[in-house]
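The values are calculated or read from the model by the stated rules, or taken from the named source; none is laboratory data. Remember, it's a predicted structure, so these values are computed and weren't measured experimentally. Note: ideal-geometry Cβ built from the backbone for every residue, glycine included; neighbour counts use all protein chains shown. These accessible areas exclude ligands, DNA and RNA; they are computed on the full protein's heavy atoms, side chains included. Shrake-Rupley method; radii C 1.70, N 1.55, O 1.52, S 1.80 Å.
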Amino acid sequence: MGVPKGRRRITVAVAALLALGVVGAVGYRVLAPAEVVTPAQDDLPPLDTPATGVVGRLPAAPLILDGRLRVYAAQRQVYADRPADSKHRVTPFWSYRRWPAQLNGVLVAGTTVVSRWSDGKIVALDGRTGKVAWRADGPAPGKGFPSRRTGAAIVWDPRGIFLASGPGGRTTLVASGVGDLRGYALTDGRELWRAAGDADCRTDVGTTAAGQVLTVDACAGPATVEFRDATTGAVGTRWRPPGAGPELSVTALGCLTPRSQCRGLRTSDGRGWLVGPGEPRPAPALGADDVTLSGEFAIAVTDGVLTGWDARTGEKRWRRGDLGEVRVIAVEPGRVHVLSRQRDLITLDPRTGAQRSRFPLTLGQDGIGWVPGLAYAADGYVAVERLRERARPDDDDQGYFLMAEPVVLAAT
């Protein structure tokens, strides 16, 4: 006996509704906002001192955390592997993913990993475990994943997030976005202050070693540098270089992390300044575009010779004419790293110019037919992107990078 037509129609309708429900549930699970935390399952590796020389090559740009781990950025993920001196990238030690937001910037402060996302969320992770320490709403950056596949622009050159030290050693995280600037306590993500403004006439520069937030404000007249207390958000000093024209831009120099805890400035009129409490002090040695500030010392190649000056007085302290053609690629406290034309990595003491180490920045049969891209230095490690010699900014990643593992990591 067949199924009556009416009952058959009901059965088909119910089956269709069930199918739609299943599809909807699957679609929701795939497309709904999500957060996936995969914490560490093992103990931290021991702190080790790696042998001086090339450590290995990596497909992604690392941040060194506590000398033990390496932290990386992907489009929707921040993750770490171990140990810091592993020859290759290995299985993640911990991982944090979000969907559909994209990772916009990462900073490491001690053992805290701060991640900023395209929807404005700020998520701080315990870098030792990968567990979420706190979450906060922040100003939207207006961009998604602004980096090539190595993630170097996310971890080595993040925009719109800065660190500043305050009274008692308390650290403030500063985040800027479209028409918004905010300060947060790094310990728990508590919002400390907020300063609204017009993004079309205010530029966020970074923070100083004296605990100030630097912005250039041109909203109410000629461009003026504002020095804002990083703990309270209050503007303490407004400053324009003597004789400056109506157009003014500022570059931060001598920073511990990108545009954070900086000791100097270069203004667009070609003058250098040291920053601290009060107004900036002239530092003529910092005026040229190719000068690097390391602590209190200005370093640059002049007439083919690497030279160091006292940034405050302009007094020449040392010259290294024996290095050949070199360029400064990275600095860190107590170390300045330069790359020779023969692709030797040379590490010097910025105070004296004395050599700490020198070795070829090559591995296996990689050769020296490459040019440096973005670079990074921390805890005695140096990492450099290697680009093809004829790479152009509009090339795709295959034509831009030297190989599938373009980042070379070394210990100095």
Ignoring ligands and nucleic acids, T187 exposes an accessible area, probe 1.4 Å, in Å² to the nearest 10, of 120
Reported to the nearest 10 Å², K316 has, with a 1.4 Å probe, an accessible area equal to 110
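Once every DSSP H run of n ≥ 4 in the chain is given -39500 (n - 2.57) and the sum is divided by its residues, what mean residue ellipticity at 222 nm do you get, rounded to the nearest 500 deg cm²/dmol?
Numbers: 3 runs with 35 residues, N = 412.
For the chain, the value works out to -2500 deg cm²/dmol.
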For the chain, dividing by residue count, accessible area per residue (probe 1.4 Å) in Å² works out to 47
Binned at 10 Å from zero, the C-alpha pair distances of segment 294-412 give percents of 13, 42, 30, 12, 2
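Report the gain in length on full extension from C219 to H88: 0.36 nm times residue separation, minus Cα-Cα distance, nm rounded to one decimal. List each step's numbers first, then the result.
Working: separation 131, 0.36 × 131 = 47.16 nm, distance 4.92 nm.
Gain on stretching C219 to H88: 42.2 nm.
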Against the 2.2 N^0.38 Å rule of thumb, the C-alpha Rg of segment 203-280 sits at a ratio of 0.99
Place a point 7 Å from the Cα of D200 in the direction of its beta carbon; the residues of segment 144-184 whose amide N falls under 13 Å from it are 179
Once normalised by the length of segment 242-286, the mean sequence separation of its alpha carbon contacts under 8 Å that are 6 or more apart gives a contact order in percent of 26
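Express the Stokes-Einstein translational diffusion coefficient of segment 210-336 in µm² s⁻¹, to the nearest whole number, given a Kirkwood radius over alpha-carbon pairs, 20 °C and a viscosity of 1.002 mPa s.
Values: Rh = 15.4 Å.
It diffuses with D of about 139 µm²/s by this estimate.
Tell me, what are the semi-axes, in whole angstrom and largest first, of the equivalent ellipsoid of the chain as set by the roots of 5 times the Cα gyration tensor eigenvalues?
On the way: eigenvalues 373, 170, 75 Å².
Working from the Cα gyration tensor, I get semi-axes of 43, 29, 19 Å.
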On the accessible surface of the chain, probed at 1.4 Å with all protein chains in place, carbon and sulfur together account for a percent value of 51
The chain: relative contact order from alpha carbon pairs under 8 Å, six or more residues apart, as a whole percent, is 11
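Hey, if we sort R343, R76 by accessible area with the 1.4 Å probe, largest down, what's the order?
Working: R343 35, R76 65 Å².
Descending order: R76, R343.
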At q = 0.10, 0.15 Å⁻¹, the log10 of I(q)/I(0) for segment 53-155 from a Debye sum over equal Cα scatterers comes to -0.25, -0.55
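Got a sec? What order do V250, V78 fall in by accessible area at 1.4 Å, biggest, i.e. largest, first? Before the final figure, lay out the partial values.
Details: V250 25, V78 0 Å².
Descending order: V250, V78.
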For S357, the residues 5 or more places away or on another chain with a placed amide H closer than 5 Å to its own amide H are T347
Largest-first ranking of D269, D289 by accessible area, probe 1.4 Å, whole protein assembly kept, is D289, D269
Expected field for R159, accessible surface area in Å² at 1.4 Å probe radius, rounded to 10, holds 150
Length-normalised contact order of segment 38-161, Cα under 8 Å, at least 6 apart, in percent, tallies to 24
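Subtract the Cα-Cα distance of D397 and D188 from 0.36 nm times their separation in residues, and report this length gain in nm to one decimal. Present the calculation step by step, with values, prior to reporting the outcome.
Values: separation 209, 0.36 × 209 = 75.24 nm, distance 3.81 nm.
Between D397 and D188, full extension yields an extra 71.4 nm.
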